[in-house]
Amino acid sequence: MAATQSDYYQTLQVARDADGPALKSAYRKLAMKFHPDRNPGDAEAEAKFKACNEAYECLKDPQKRAAYDRFGHEAYSQGASGGGGFGGGRGQQGDFGDIGDIFETIFGSAFGGGAGGGMGGGRQQQRRGADLRYDMQVSLDDAFNGKSTEIEIEVSQSCDTCDGSGAAPGTSERTCNLCNGAGAVRAKQGLFVVERPCPTCGGRGQVIEDPCGECRGEGRLDRPQSLAVEIPPGVDTGTRIRLSGKGEAGQRGAPPGDLYIFIHVKPHPLFEREGTTLATRVPVSFTTAALGGSVDIPDLDGSTNTVEIPTGIQSGKQLRVRGAGMPVLQGRGRGDMVVEIAVETPTRLSRKQKEILEQFRETETGDECPESKGFFSKLKDAFGA
């Protein structure tokens with residue numbers, strides 16, 4: 001190598017004390033930037049790409065790097081490296097894995113031949129069927145008690161005529177003549193030989209000469225299917241129920257996907273739900289609020305919860321009924337019920353009721369409603385009234 005050759009650290013734009021990950025990151029960035037496939041016909045970019053490969057090949061190897069740090073490029077001139085120079089087979093083979101990573105980054109998985117992935121892929125595996133989604137609405141009562149139901153969906157299923165093979169009965173697939181069953185073909189592109197799925201067999205390595213007349217070689221057909229679904233107690237909006245193997249059929253005998261049922265709980269006229277807690281707003285008369293009493297609230301299990309109203313309760317006060325909420329999904333016990341009190345002022349009073357209330361007002365001292373008394377006292381202090 002010429003003594004005037006660029007410094008490897010400058011080529012990769014890293015410091016001389018850069019560690020392995022820093023070297024690799026810098027190399028990948030530059031290799032992607034100057035790759036010939038990104039710069040077709042650009043001789044300068046191709047030269048920089050080669051220089052980056054050469055620099056990284058040296059610096060990524062601790063022994064080569066130590067020799068380079070000590071002797072510079074002279075360490076590899078005229079066989080000084082003892083056969084470990086850049087023309088050696090070991091260096092080129094080690095570099096190929098990093099080039100494969102660059103291809104994967106730039107071009108995605110299009111160059112991998114299928115199941116093998118990367119640069120060395122072969123025949124593609126049969127593709128598993130797609131997972132499907134079904135949205136189901138249930139009432140809060142069904143979410144509380146659980147439910148056995150049945151749904152009907154139209155889904156791709158294995159063809160009965162060809163047993164999912166795609167080939168006409170009595171026939172079978174044959175090895176692809178183009179790829180000889182490998183599922184991939186190779187072609188030269190720039191400086192590299194790249195591998196792509198075989199265009200004749202689509203990467204499967206096999207072709208069907210006589211396709212099934214029922215499914216036209218697909219191995220599957222769309223048909224309605226009835227499925228039994230068990231909804232466990234305690235489900236909530238967003239709960240997923242998985243039916244294994246009930247999704248779309250796989251291609252030509254491949255395993256089917258799964259069916260995911262997404263639960264949506266419909267609003268309830270009495271309760272609002274938050275997790276396992278049921279909340280409800282209960283209006284009570286102002287006499288019950290003043291004197292105390294009780295209210296009966298139905299439970300989703302069919303029973304009744306009697307809630308005691310303490311004397312002098314105010315609007316907005318929340319009373320908790322332990323164990324009267326929603327069941328714990330796939331667990332034990334229930335959450336709580338929260339009852340929010342709304343004191344209702346009467347709007348239709350008889351003459352006698354008005355007379356009684358007038359008598360009550362005449363006897364008021366202000367101590368009956370300490371919050372009101374305190375509020376008006378603050379007003380007097382604030383405005384000097």
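Put simply, of Val235, Val185, Val194 the only residue that is touching a helix residue (DSSP H, G or I) at 6+ places or on another chain (Cβ under 6 Å) and within 30 Å of Pro40 (Cα to Cα) is Val194.
The set of residues in region 50-79 being at pLDDT below 80 and exposed (fewer than 15 other Cβ atoms within 10 Å of the Cβ) consists of Gln63, Arg70, Phe71, Glu74, Gln78, Gly79. Filtering region 17-50 to residues that are closer than 25 Å to Lys64 by Cα and outside any helix (DSSP H, G or I) leaves Asp17, Ala18, Asp19, His35.
The C-beta contact set for region 12-39 (first residue farther than 16 Å from Cys58 by Cβ and free of Cβ contacts under 8 Å to residues at least 40 places away in the same chain, second residue among the aromatic types (Phe, Trp, Tyr) and surrounded by 13 or more Cβ atoms within 10 Å (Cβ to Cβ), distance under 6 angstrom, 6+ apart or interchain) comprises Phe34/Phe49.
Taking the conditions (1) open to solvent by less than 60 Å² (accessible area, probe 1.4 Å); (2) of a type in the set (A, V, I, L, M); (3) closer than 30 Å to Pro267 by Cβ in turn, Ala290 satisfies each one other than (3).
Within region 168-192, the set of residues being farther than 30 Å from Gly213 by Cα, open to solvent by less than 80 Å² (accessible area, probe 1.4 Å) and not in a strand (DSSP E or B) comprises just one member, Gly190. Note on region 256-267: among residues that are open to solvent by 50 Å² or more (accessible area, probe 1.4 Å) and over 25 Å from Gln157 (Cβ atoms), the one that is farthest from the chain's Cα centre (by Cα) is Pro267. Of the set (1) part of a strand (DSSP E or B); (2) open to solvent by 50 Å² or more (accessible area, probe 1.4 Å); (3) among the hydrophobic types (A, V, I, L, M, F, W, C), all apply to Leu270 but (1). Does Phe103 meet the test of being aromatic (Phe, Trp, Tyr), open to solvent by 70 Å² or more (accessible area, probe 1.4 Å) and either more than 30 Å from Phe262 (Cα to Cα) or modelled with pLDDT under 85 (or both)? Taking the combined requirement at face value, the residue does not satisfy it. Evaluate the following for Thr288: is it without any contact (Cβ under 8 Å) to a residue 24 or more places away in the chain and either on the phi < 0 side of the Ramachandran plot or out of contact with any strand residue (DSSP E or B) (no Cβ under 9 Å at 6 or more places or on another chain) (or both)? Yes; evaluated as a whole, the condition is true for this residue. For region 207-231, filtered to residues that are open to solvent by 40 Å² or more (accessible area, probe 1.4 Å) and touching a Gly at 6+ places or on another chain (Cβ under 8 Å), the residue that is nearest to Asp141 (Cα to Cα) is Glu230.
Report yes if some residue within region 202-211 is farther than 30 Å from Leu278 by Cα, assigned to a loop (DSSP other than H, G, I, E, B), aliphatic (A, V, I, L, M) and touching a strand residue (DSSP E or B) at 6+ places or on another chain (Cβ under 6 Å); otherwise report no. Yes: region 202-211 contains one or more residues that are farther than 30 Å from Leu278 by Cα, assigned to a loop (DSSP other than H, G, I, E, B), aliphatic (A, V, I, L, M) and touching a strand residue (DSSP E or B) at 6+ places or on another chain (Cβ under 6 Å).
The values are calculated or read from the model by the stated rules, or taken from the named source; none is laboratory data. What you see is a predicted model; the values in this text were computed from it and never measured. Neighbour counts are summed over all protein chains in view; Cβ atoms, including those assigned to glycine, are modelled from backbone coordinates with ideal geometry. Accessible surface areas use protein heavy atoms only, side chains included; no ligands, DNA or RNA. Shrake-Rupley method; radii C 1.70, N 1.55, O 1.52, S 1.80 Å.
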